[in-house]
Structures are given as structure tokens and as C-alpha cells.
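See structure below.
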């Protein structure tokens, strides 16, 4: 043990300090971070994090607005003009708020230890700011606090936040460390301690979406601490250590004009000691600009794996979307390998990179299939993290957040993520344990599964969102069946294949919609395919129009249910033009409407690509191109719905390249309408896959034909394994649909591939 820890620390140091500097942009390579506009999605309902971070880092260091509410789930909204602090953790794109932990706020003038109120500017320490005084780049955030004339600059390593404050001349300068306030949670127990004249540590336990969140910190200051006071809410407490609910610490000092105070803040899910270890390992320099450059290099290193050519606006939208896909899953371990488990125990030397913030119901559709293409080393870490959670809580995670199971959303969406990786040949995890985990999770009794096993459907009067749950479970079951087949387990293959057909039990042959079933011969009434009642009916953030297509695992079966290709196509056409009232109880997440298609919510994300299964890829091209052009823009409200932890942006990245993995675990990327001119994907095996798009413009939205590695390629899909082989795909676009490419049945995608 004593010999192992220093070795782990050395490895972490080497990765953080040597490898990072080596990841600077090569000569003549573009600085692709210049195309990222981190403001995109910070307005309206995007809920995107704004601040400094590195790819998949534990620290998301950024400003926290005073305002609260749904559009402040990330802690920041572009419409706001207030700042109450700079927190070290944030969510990005979620529909529920949390985190916003360990808030630092520099001030001048008479000391205040409460944030204040919007209608009384003098009541607290918050400051107004202007977007004109903000600077945002990947890995860097800066702003001027107008009230105090303090310039704040932030950058990060994976586990350490760097602050650089430039103060005016003042005999009353302060730094408030607020452990009471978070984005949307309540403190349970907080602790702060002055360790020595340069170090403060502490922790924050809180209750919110994550019902038992624990985060530890250590802060090292460049300026000696001579005056440190602790407060319980507004009350000054004697001494320099305090444990309580409403804990704050305040450093007070004099500053000369332009004096710079720097802070390194390490965070840990395990302990204050580990937070300090993270600082000593990752943050070995006080050179803020060097760390800022290293952070930028890390982002560029990731972007260089996917280099595209397009017009400037497309470049901005594309690389901003790619940036958003790398905010989570976030690192949830320390440099010495320790992490805090769902079992509320500290685990040592895990042997994998533990992560958290798993919005699996969202991300299994595009974010995770995208990661298998360009983040292979992180796929194994994610799956090993999920398998560890399985061992600790007895089932796979649903929506994991900071060692907490939130049970948010329906289905068991860890299953398709694991199955997809397994079926694509990933070997960086215990495949037998993985199969045990997916099977045991799906054989449980909770969340409606006991009805799936006994009845084949979930009665609508037993579980809210029964149809959405049942359809997701059918997808999960199909994925397990494919794993069982590959592993030679025929008995399980037959059993789960049968369960994968349970979607049929929600299909009403009279209305041709999925709907809530009360019993074998009774449907829930009244019924309207337009109406959506959030958290009160049979669908999750949607209606029957949207959910009647949620069978990506068996599109052929769905076509048969609708009566064949012609009625299926007619129904699909109708989706994009149907007009009807969803009622006044519909979820705010139902956005980006084209008829009843809702691009702002994930269950719709595959639907436009379904036309390929009936030999009409031109209709997919029309719908996909419209979404790419209209629902993703270079504005602060440029994402049509919640970003959803990378899923909305992952849809854009894949679709911009020209394809989308409609089935979550069969490895087939279905073509749409590429908007890039060229793309080069650098694969983990050292090979590259080059995409060249000819005659691409606004009018030429239809794929006329393709050539793959010098040979005509008439199929409207491309297999994952073919991409991994490397090579070149040339796509020719036209203003008119092709009467050949992707039309014949042999050219169309299918649900199961035998070779």
C-alpha cells in the first residue's frame, strides 16, 4: 500500500503536467478551440454550464447568478446580470438543478456575509456584471465585478480550480467562502478550518437532487492569511474552525491597486486530505497563464481527433456542440485512485477512472455511440464505473449523480450503453460481470419490471409513465438478447428476445398509436394522441404521437404493426405536420416542434432517420437538414431544448457528419444529410476515417451517391466496424433525391446484422 500510492500519484502527475504540455497544437494545425462559443445554450432553456473546465473534469468552475428557477439549473443564465460567487461544480443542460458547491466571492468595502436580495442592492455581497466584461474560452473564464472593480479569472486542471483576482486599492478587501449556498439544494452539514497561513479546508454535505452529496475541498492562497473569520449564517463565531449548516469563512486584507491574489482549490469526493493531494499533484505551479494554456491544449487535443471543414458558422456550431459533449460524464475520483461509492464507502485503487453525472436516458441515444467512435478510452471508464455501482447498489445506475442514485427518468438505459460497447468489441471491462449486471437489473421487480415479467406490459393504473417505461424496457431487453446471442447463451437470447417484443402490447390497432393499457382487453380512456400530462399520464415528457415511434430496436416490427411500408410512411409523414393541443399540463421539455415531432426531447431523436428503413432517405435528409439549420444556431438560445448533458449536441455532431446510430446497440450509423464539407476522424487504432462531401450547399441536401474506399457504396447506413477500418468515404450531394442510393431493400438499414 505504501509503495503503491506514490506510484499512482506519480502517474497522475505525469498525465497532468507532462502529457498536457505535450498536447499542444501541432505546427500548422488549427486552434480549434477558437470556434467554441460557450455562450451557445446559456440562454432560454439550454441550461448549459458556462465557465472554466477541462474535458470530463471533476471541476466546472464558473459564475453563479443570484436568480433561481428552472432556467438556472446550471447556476447561470445569459439573461441574468448578477453574480453571487464562483462555484467549483455545475451541471450542464439538465432539467433539474443541483451542485454549485464551494462558492468563492471576492469583495471590497464593508464586510457582508450574505448574498443579498435583488430588490436591495446594499443587502448583500452580490455584484452586477456585464457580458461585455466577460471573456470565455475553453478552459478559461473571466469577468469584472462592477460593484467592486475586481477582475476575476478562472482556469482549471481536472480536479483543481485556479482563481486569479485583481483587486483595486482597498483597506477592506475580502474573499467570502460560502458553503451554505448551492444551485438548488440545501446544506446538511458544512465545515471549514484555517489550517495555516496559506491553507483552508473543509467540506459541504447537502441534500438536493443528489439526496446525500458530499464534497471536500482544500484551498491554497498566494497571499498570506492574516485575518480569517467564520460565520454561522450572519453570526460571527469565535475561532477559525466551524461546523454547522450555514457555514461561511471570510478572509480580510488590504490590497494595493492592481494587486493579484491567486487561489488553488482542489476538490475531492473522499476527504480534505485528498483534496490537498490533488492540488499537490495536479497544481504544481502558481503560473496561472501556464495552466490556462494547458487547459486550452487539452481541449484542442480532443478536437484534433475530429477535424472538419465547413463555413465559419458551421465550424462554430460544430465545435461548440463537440465541446458540450465533453463536460460530462465528469471525473469522480482522486489522483491517488480513491473514490466515494454509491454504498457510501471509500474505495481505493479502483483500477479505472471513476466518473459520475450519467444522464443515461438522454445519452444512450447519441452521446454514448459518439464516444465509441472518438473517446474509446473513456468508454471503458464509464462502463467500469457503472459496473462498480451495480456491485454497490445491486443494480445498474439510472441517473447517477455524485454517488447518488436519483432514479430519474424511465427504463434502465445503462443496459444499451454496456451492450453497445460489448457488441462493438470493447474489452476493457469484465464482460461476464457486465452481462450479470444487465441481466440482474432487468430481472428486478422495481419501476414496473415485475409487470413486464408477469404480464408483458405495465398496467397504466399501476405505474405513472407506463408506456414510456415499457417501451424503454423493451429496448433494454433487445440489447441483452444480442449480448446473450454473442455469448452463446441461447436460453437467455430466446427469453429476452420475446420480452423485446413487448412494445407490441402498447400498440392500439384501432388508433394505430402506443397508449396506456389497463388490462388485456381494456385501454386507458379518455385518449388523445396529442395530450401530454407531465408526470401524470403514460408518457415521459411527450405524447402518443412522439412515443409511437420508440422502437429503434425493431423498426421492421414497427412497420408491420402500422400495416406495412405505405401506411407506416404515411403515418410518419403525418407526424411532421400534425397539429393539435397538448394541453396545459405538458412538460416544458417538449420543444423544437415540427408538427408533433419534438426535437427538444430525446425520444424523438431517432425518428427522422426512420425513412431510411422504407427506402426514402430523401425524406430523412429533408427533416435532418431542417433541424440542423433551425434548431442549432450561434445564439445564446441556440439549442432548442435542454442540452441534456451532451445528448442534444451529440445528435448535432453525428448528424452534421452525415449519420446517426438509430439502433442504440447494433453498430449501424444511418445516413441523413451531412452539412460539413470534409471531416477526418482520428481513430484509437491509429487509423483515420476521412469523409469528403461534394457539391454540398443549402439546396443540395440530398445524398446522390457514395464511394467507400474507391468502390460504389449504395447503402444508406455504415457499420461501426467499417469506420474502424479507416479509409475514405466520398459523398456526392444533389438538389434532387436519388432514385437508386438507399432505395432498394438490400441497401436499407435493418435491426439485426448477421455478419
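The values are calculated or read from the model by the stated rules, or taken from the named source; none is laboratory data. This is a predicted model, so every value here is computed, not measured. Cβ: placed from backbone, ideal geometry, glycine included. Neighbour counts: every protein chain shown.
When residue 636 is evaluated against the numbered criteria (1) farther than 30 Å from residue 550 by Cα; (2) surrounded by 15 or more Cβ atoms within 10 Å (Cβ to Cβ); (3) at pLDDT below 95, which criterion, by number, is the only one it fails?
(3)
Results for (1) part of a loop (DSSP other than H, G, I, E, B); (2) in contact with a strand residue (DSSP E or B) (Cβ under 7 Å, 6 or more places away or on another chain); (3) outside the structural domain of residue 370 (by TED's automatic domain parsing), shown as yes or no for each residue.
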| site | (1), (2), (3) |
| --- | --- |
| 662 | yes, yes, yes |
| 676 | yes, yes, yes |
| 699 | yes, no, yes |
| 703 | no, yes, yes |
| 715 | yes, no, yes |
| 728 | no, yes, yes |
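Rundown of residues vs (1) over 26 Å from residue 278 (Cα atoms); (2) out of contact with any helix residue (DSSP H, G or I) (no Cβ under 7 Å at 6 or more places or on another chain), yes/no style:
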position	(1), (2)
216	no, no
229	no, yes
236	yes, yes
241	no, yes
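So is residue 440 surrounded by fewer than 20 Cβ atoms within 10 Å (Cβ to Cβ) and either assigned to a helix (DSSP H, G or I) or at pLDDT 95 or above (or both) or not? First the steps, then the outcome.
On the way: surrounded by fewer than 20 Cβ atoms within 10 Å (Cβ to Cβ): yes; either assigned to a helix (DSSP H, G or I) or at pLDDT 95 or above (or both): yes.
Spelling it out, residue 440 is indeed surrounded by fewer than 20 Cβ atoms within 10 Å (Cβ to Cβ) and either assigned to a helix (DSSP H, G or I) or at pLDDT 95 or above (or both).
Pick from 586, 621, 668, 650: which is out of contact with any strand residue (DSSP E or B) (no Cβ under 6 Å at 6 or more places or on another chain) and either crowded, with 24+ Cβ neighbours inside 10 Å or more than 21 Å from residue 93 (Cα to Cα) (or both)?
On the way: 586 fails: either crowded, with 24+ Cβ neighbours inside 10 Å or more than 21 Å from residue 93 (Cα to Cα) (or both); 621 fails: out of contact with any strand residue (DSSP E or B) (no Cβ under 6 Å at 6 or more places or on another chain); 668 fails: out of contact with any strand residue (DSSP E or B) (no Cβ under 6 Å at 6 or more places or on another chain).
On inspection, the qualifying residue turns out to be 650.
Has the stretch 353-367 got any residue that is more than 14 Å from the chain's Cα centre (by Cα) and at pLDDT below 95? Walk me through it before giving the result.
Pass one, the stretch 353-367, residues more than 14 Å from the chain's Cα centre (by Cα): 353-354.
Of the ones still in play, those that are also at pLDDT below 95 are none.
Within the stretch 353-367 (the criterion being more than 14 Å from the chain's Cα centre (by Cα) and at pLDDT below 95), the answer is no, since none of the residues qualifies.
Which residues, taken from the stretch 298-325, are surrounded by 24 or more Cβ atoms within 10 Å (Cβ to Cβ), part of a loop (DSSP other than H, G, I, E, B) and touching a strand residue (DSSP E or B) at 6+ places or on another chain (Cβ under 7 Å)?
Hits for the stretch 298-325: nothing passes.
Quick one: residue 716 ticks every box in (1) buried (at least 17 other Cβ atoms within 10 Å of the Cβ); (2) touching a helix residue (DSSP H, G or I) at 6+ places or on another chain (Cβ under 7 Å); (3) under 23 Å from residue 376 (Cα atoms) except a single one, so which number is it?
(3)
Starting from the stretch 273-288, take each residue that is farther than 16 Å from residue 155 by Cα and list its partners that are modelled with pLDDT under 95 and surrounded by fewer than 23 Cβ atoms within 10 Å (Cβ to Cβ), counting only C-beta distances under 8 angstrom and pairs at least six apart or across chains.
277/9; 281/9; 281/12; 281/13
For residues in the stretch 200-234 being modelled with pLDDT of 95 or more and surrounded by fewer than 17 Cβ atoms within 10 Å (Cβ to Cβ), which is farthest from residue 269 (Cα to Cα)? So that I can check it myself, show each step before the final result.
Step one: filter the stretch 200-234 for residues modelled with pLDDT of 95 or more, giving 200-225, 227-232.
Filter once more, so that each one left must be surrounded by fewer than 17 Cβ atoms within 10 Å (Cβ to Cβ): 205, 207, 211-212, 222, 224, 227.
Numbers: 205: 11, 207: 15, 211: 15, 212: 12, 222: 25, 224: 27, 227: 29 Å.
The residue in question is 227.
Mind telling me which of the residues 598, 544 ends up being crowded, with 24+ Cβ neighbours inside 10 Å and under 22 Å from residue 317 (Cα atoms)?
Values: 544 fails: under 22 Å from residue 317 (Cα atoms).
None of the others qualify; the one that does is 598.
Which residue, of 159, 204, is over 27 Å from residue 294 (Cβ atoms) and either touching a residue at least 60 places away in the same chain (Cβ under 8 Å) or touching a strand residue (DSSP E or B) at 6+ places or on another chain (Cβ under 7 Å) (or both)?
On the way: 159 fails: over 27 Å from residue 294 (Cβ atoms).
So the residue among 159, 204 that is over 27 Å from residue 294 (Cβ atoms) and either touching a residue at least 60 places away in the same chain (Cβ under 8 Å) or touching a strand residue (DSSP E or B) at 6+ places or on another chain (Cβ under 7 Å) (or both) is 204.
List the number of the failed condition for residue 450; all other conditions in (1) more than 16 Å from residue 664 (Cβ to Cβ); (2) touching a helix residue (DSSP H, G or I) at 6+ places or on another chain (Cβ under 8 Å) hold.
All conditions are met except number (2).
From the list 419, 350, pick out the single residue that is in contact with a helix residue (DSSP H, G or I) (Cβ under 9 Å, 6 or more places away or on another chain), surrounded by 24 or more Cβ atoms within 10 Å (Cβ to Cβ) and touching a residue at least 12 places away in the same chain (Cβ under 8 Å). It would help to see each step written out before you state the result.
Numbers: 350 fails: surrounded by 24 or more Cβ atoms within 10 Å (Cβ to Cβ).
Answer to the check: 419.
Exactly one of (1) at pLDDT below 95; (2) surrounded by 16 or more Cβ atoms within 10 Å (Cβ to Cβ); (3) under 22 Å from the mean Cα position of the chain (by Cα) is unmet by residue 534. Its number?
Every listed condition holds for residue 534 apart from (3).
So, in the stretch 397-416, of the ones that are closer than 13 Å to residue 343 by Cα and touching a helix residue (DSSP H, G or I) at 6+ places or on another chain (Cβ under 7 Å), which residue ends up surrounded by the fewest Cβ atoms within 10 Å (Cβ to Cβ)?
Taking the candidates together, the pick is 405.
Does the stretch 173-183 contain any residue that is touching a residue at least 60 places away in the same chain (Cβ under 8 Å) and at positive phi? Break it down stepwise before answering.
Filtering the stretch 173-183 down to residues touching a residue at least 60 places away in the same chain (Cβ under 8 Å) leaves 173-183.
In the following step, the residues that additionally are at positive phi were identified as none.
No.
Here are the criteria: (1) more than 16 Å from residue 140 (Cβ to Cβ); (2) in contact with a strand residue (DSSP E or B) (Cβ under 7 Å, 6 or more places away or on another chain). Tell me which single one residue 292 does not satisfy.
Checking residue 292 against (1) more than 16 Å from residue 140 (Cβ to Cβ); (2) in contact with a strand residue (DSSP E or B) (Cβ under 7 Å, 6 or more places away or on another chain), the one that fails is (1).
With respect to residue 504, determine if the residue is surrounded by 24 or more Cβ atoms within 10 Å (Cβ to Cβ) and at pLDDT 95 or above. Spell out the reasoning first.
Numbers: surrounded by 24 or more Cβ atoms within 10 Å (Cβ to Cβ): no; at pLDDT 95 or above: yes.
So residue 504 fails the test.
Criterion first (outside any strand (DSSP E or B), in the same structural domain as residue 126 (by TED's automatic domain parsing) and farther than 29 Å from residue 292 by Cβ) does residue 184 satisfy it? Walk me through how you get there before you give the answer.
Details: outside any strand (DSSP E or B): yes; in the same structural domain as residue 126 (by TED's automatic domain parsing): yes; farther than 29 Å from residue 292 by Cβ: yes.
Here the answer is yes, as residue 184 does meet what is asked.
Could you grab me the full set of residues in the stretch 725-749 that are within 20 Å of residue 676 (Cα to Cα), crowded, with 19+ Cβ neighbours inside 10 Å and within 31 Å of the chain's Cα centre (by Cα)?
729, 731
Restricting to the stretch 445-468, and then to whatever is assigned to a loop (DSSP other than H, G, I, E, B) and surrounded by fewer than 15 Cβ atoms within 10 Å (Cβ to Cβ), can you tell me which residue is farthest from the chain's Cα centre (by Cα)? Let's see the steps before the verdict.
Step one: of the stretch 445-468, the residues assigned to a loop (DSSP other than H, G, I, E, B) are 445, 455-465.
Narrowing the set further to residues that are surrounded by fewer than 15 Cβ atoms within 10 Å (Cβ to Cβ) leaves 445, 461-462.
Working: 445: 28, 461: 33, 462: 31 Å.
Only one residue tops the list, namely 461.
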